Each structure stands twice: as structure tokens, then as C-alpha cells.
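The values are calculated or read from the model by the stated rules, or taken from the named source; none is laboratory data. Fair warning: this is a prediction, and the values are worked out from it, not measured in the lab. We place every Cβ from the backbone using ideal geometry, glycine too, and count neighbours over all the protein chains shown.
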């Protein structure tokens, strides 16, 4: 049964999506939160996810495997500036930064008021989190391990055609709207994901732990704190 503040129909929809994608997951019925870990074929090798189902929306969180040092005030300040710069102009989701422990995550929101999201919409939200974490991961590493400044770290991450497209205005110069499907396809390509049937792989992403049981996410206190904040 879904939690008190969640929709059973949306919970079933997400369950069906994850099962069809053949991604191992665990489900907290009291909180209506799905958790799973997926492997990537990029510099960011894996992403841990939480999908939080509410009454009329679904929120997808992708967590960076690297956190800032909460005891290092200078590093925390640089990371906060870096993520604020990264968030400017984003059209689909945003980075979140926990000042208590330095945790970094990307959030994608799906409005489900009077409608049910398709598998493609759910898949795009998962892809978007991975693509944005992958794009900005080099800057996160530079700040955490090499003491880089936020301005230099963001330049390293945003020197690309894909980010120029993502940060474009809401309308093209002729006033027409930018095609969201094309934008999401750009994001998918950034992370090296492929739709089912594009190659020999049977899924968009590889399961991080093939021999794991249904519980694919470490059950530690930090994750419990994250879930309580949602």
C-alpha cells in the first residue's frame, strides 16, 4: 500500500516502469520511495536514485557519489557557488546542496496533476539526473580534491555545445518554442545512454550490481536522513 500522501496509481505506474526497465529496486511503502543504483558508461560510473511518489507528482533524485567536506568552510562555499552557477538557466530540474553534510544531488520534478506520466517521461527524468550529474562531475571533483575555484570549475563543465543549447532562452530568435524532445535527446547523448533496441544492450543503463538482491542501495543513516527531507 502507498503512503498516506501518495497515489497508489502513481506508485503502481513507477513500479511497472522500473520492472519493465529490468532495474533492481527496493521500495519503502511507508514513504512511497523507490531506491536503486544504476551503472553508467561514462566518467561517473554509477548513480544512486530515489524516486519519491506523492499524491499528484513524482520527484526523481540522482545522488553524486562525491560530497563536499562539511568541515571545510572554504570548500563548502566554493561548492555552493559552483552549484548555484550550474543551476542558473536550467530548464529541467536543479542541483540541491545539503549544507549539513555536503551531499549533492540532482532533482527532476514530474507534475502528475490530472495526468499519468508515460514511461518516456519517467525515463527522461532518470536520464536527465544522470546526464547533469555526469556533465558537472568533473567540476565537483576539481573542487573537492584539487581545491579549484567555482568559476574555473564551471567553465570546465560548460564549455560545450550541449550546455549552450540547454541554457538558451525559452524561445528561438523567431519566437518559436524550443523542442523539449530534442533537448532531452541531447541530455541522453551526453551521458551515453541509449534507448532500448538501439544496440545490443537490453536496457538504457546497466545494473550496477548484477548479483545483488532486491536491496541495491546501501542502507545507511545518510540515506535515511535524505528520505526524511523529502
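Observations on the model:
- Meets criteria (in contact (Cβ under 8 Å) with a residue 60 or more places away in the chain, closer than 23 Å to residue 77 by Cβ and not in a loop (DSSP other than H, G, I, E, B)) for residue 123: no
- Within region 92-120, the set of residues being farther than 23 Å from residue 137 by Cβ and either under 10 Å from the mean Cα position of the chain (by Cα) or not in a loop (DSSP other than H, G, I, E, B) (or both) comprises 110, 111, 119, 120.
- Screening region 107-143 for residues that are over 15 Å from residue 14 (Cα atoms) and touching a strand residue (DSSP E or B) at 6+ places or on another chain (Cβ under 7 Å) and picking the one that is surrounded by the fewest Cβ atoms within 10 Å (Cβ to Cβ) gives 107.
- Residues in region 144-157 that are over 13 Å from residue 64 (Cα atoms), touching a helix residue (DSSP H, G or I) at 6+ places or on another chain (Cβ under 8 Å) and surrounded by fewer than 24 Cβ atoms within 10 Å (Cβ to Cβ): 9 in all.
- In region 89-100, the residues that are exposed (fewer than 13 other Cβ atoms within 10 Å of the Cβ), at pLDDT 95 or above and under 25 Å from residue 152 (Cβ atoms): 99
- Of the residues 2, 86, 32, 70, the single one that is at pLDDT 95 or above, more than 23 Å from residue 155 (Cβ to Cβ) and surrounded by 16 or more Cβ atoms within 10 Å (Cβ to Cβ) is 32.
- Residue 40 being in contact with a strand residue (DSSP E or B) (Cβ under 7 Å, 6 or more places away or on another chain) and under 17 Å from residue 98 (Cβ atoms): no
- Residue count for region 81-106, restricted to those that are free of Cβ contacts under 8 Å to residues at least 60 places away in the same chain, in contact with a strand residue (DSSP E or B) (Cβ under 7 Å, 6 or more places away or on another chain) and on the phi < 0 side of the Ramachandran plot: 8
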